[in-house]
1. With Rg and Dmax of the Cα atoms in Å in mind, check (1) 25.7, 97; (2) 24.3, 86; (3) 21.0, 67 and report the label derived from this structure.
2. Quote the Stokes-Einstein diffusion coefficient, in whole µm² s⁻¹, for the range 243-330, based on the Kirkwood radius over alpha carbon pairs, a temperature of 4 °C and a viscosity of 1.567 mPa s.
3. Given the -39500 (n - 2.57) contribution per DSSP H run of 4+ residues, what per-residue ellipticity at 222 nm results for the chain, rounded to the nearest 500 deg cm²/dmol?
4. Project the alpha carbons of the range 257-386 onto their principal axes and report the range along each, largest first, in whole Å.
5. Compute the acute angle (0 to 90°) between the alpha-carbon long axis of helix 396-411 and the principal axis of greatest extent of the alpha-carbon atoms of the chain; round to the nearest 10°.
6. Helix 91-103: angle to the longest alpha-carbon principal axis of the chain, degrees 0 to 90, nearest 10?
7. Beta carbons within 10 angstrom, averaged per residue: use that to sort the peptides 369-381, 58-70, highest first.
8. Using Cα springs under 10 Å in a Gaussian network model of the chain, which residue among GLY147, GLY204, GLY277 shows the largest mean-square fluctuation?
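Laboratory data are not the source of any read-out in this text; all were calculated from the coordinates shown. All figures in this text were calculated on a predicted structure; none of them were measured in a lab. Ideal geometry is used to build each Cβ from the backbone, glycine not excepted, and the neighbour counts take in all protein chains shown.
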Amino acid sequence: MTHATPRGRTVCIVGAGIVGAATAYALAREGWQVTLVDARPAPGLGESRANGAQLSYSYVEPLATPAALRALPGWLLSDDSPLRWRPRPEAAHLRWLAAFVAACRWSEVRRTTAALLALSGLSRTTLQRWLAEQPGIAGAALHRQPGKLVLYRDAAARAAVERQLAWQRALGCTQRVVNADECRALEPALGASAAAGGGPIAFGVWTADEEVIDASLLAQALVDASGATRCFGSPALGFELRGGRVVALRLAGRTLEADQFVLAAGPACAELLQPLGWAPAIEPIRGYSITLPVVDAAVAPRASVTDQGRKLVYARLGEQLRVAGFAELCGLDRRIDPRRIAALCDAVRETFPGACRFVDPQPWAGLRPATPGGRPLVGATRWPGLWLNAGHGALGLTLAGGSAALITDLMSGRHAAIETRPFSVEPA
């Protein structure tokens, strides 16, 4: 992708995960001259390396809900809970937790969900446009539209789920509740296990237009297509100000100057901004995944599957099955808990017996950068020349295209396609 670059249109993007890569492509196609900085040697090797691979455009309800608030004591007490929290005596962590608790109100959940559905809708149309522009990306990134099936094992949850679907239907989502037999008809691989792992299926929710794609491969393809100048293997050390404006990024032994800077470094954003006297409320939440070779396609899932009770997701990527889940508030700790990997493997054996080989499950853990209420921060910061695109939590892959389109509109001075205030970096 080549464009003549007008004066004043150079941009340095910090972070080459899926959010930074999407931002690079979006800005490059608008004529910006892009430099992309990342501490790793290639795009998509950090928090995007092996995530759940689901493009879940209709499933964006935030983690902060009244149900989560009721479950909070269990997160503290149980090592086996899908959600785990270990308190840390850090002021930023305690402020984040207080804001999380304050966000656990249904009125706030509805506002956030509506805003995220608007952003996810923009993401869907944006990525579809990009895949049409760059026809080789879909195959390279293992993109498919197999539909998504969410499994529920508690029949008592059905009334609340139906109310949620009715509300989301008014916002453009097309979903339907299906019974256990319909679940097995939609995903025949579930028939291989009567209990389907974790107990019988009570009902499910089917969304026919949901998609899967490999986030790391997509990030690499978007960076290649953007023509961005790469500055990889160089950790960002901080920003330089001149007259209150951000004018340069410090690296080891040198600085990079640009007209504008976009910080899309996920959980590292707070550390990079703290020397300026402010840090966004972004908490790293650790998640896990395994990637298994499929040995029997007849009993491996084709649809994108979510086990609601276990908080696990399954996505077929070519001849492999990506299984991801769990959420642990543990700071910047990326260590892999072998008990979590064993639990993922056991879930596959129970839910899709005979489908995969487990000799090397490719264990992985990554940090989801989450704001307390679940809305990413997309827009201008208090320092001219510096923009933020971060805090997407578990929805980084789903929301990357929309966030990139949104920040491109803002940086170009255009009217944005959706309401920007829900994602404002600075409080109104």
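1. (3)
2. On the way: Rh = 17.0 Å.
For these conditions, the coefficient is 76 µm²/s.
3. Values: 11 runs with 135 residues, N = 428.
Rounded to the nearest 500, it is -10000 deg cm²/dmol.
4. 56, 28, 26
5. For helix 396-411, the angle is close to 30 degrees.
6. So the helix axis and the longest Cα principal axis differ by about 60 degrees.
7. 369-381, 58-70
8. Looking only at GLY147, GLY204, GLY277, the biggest GNM fluctuation is shown by GLY277.
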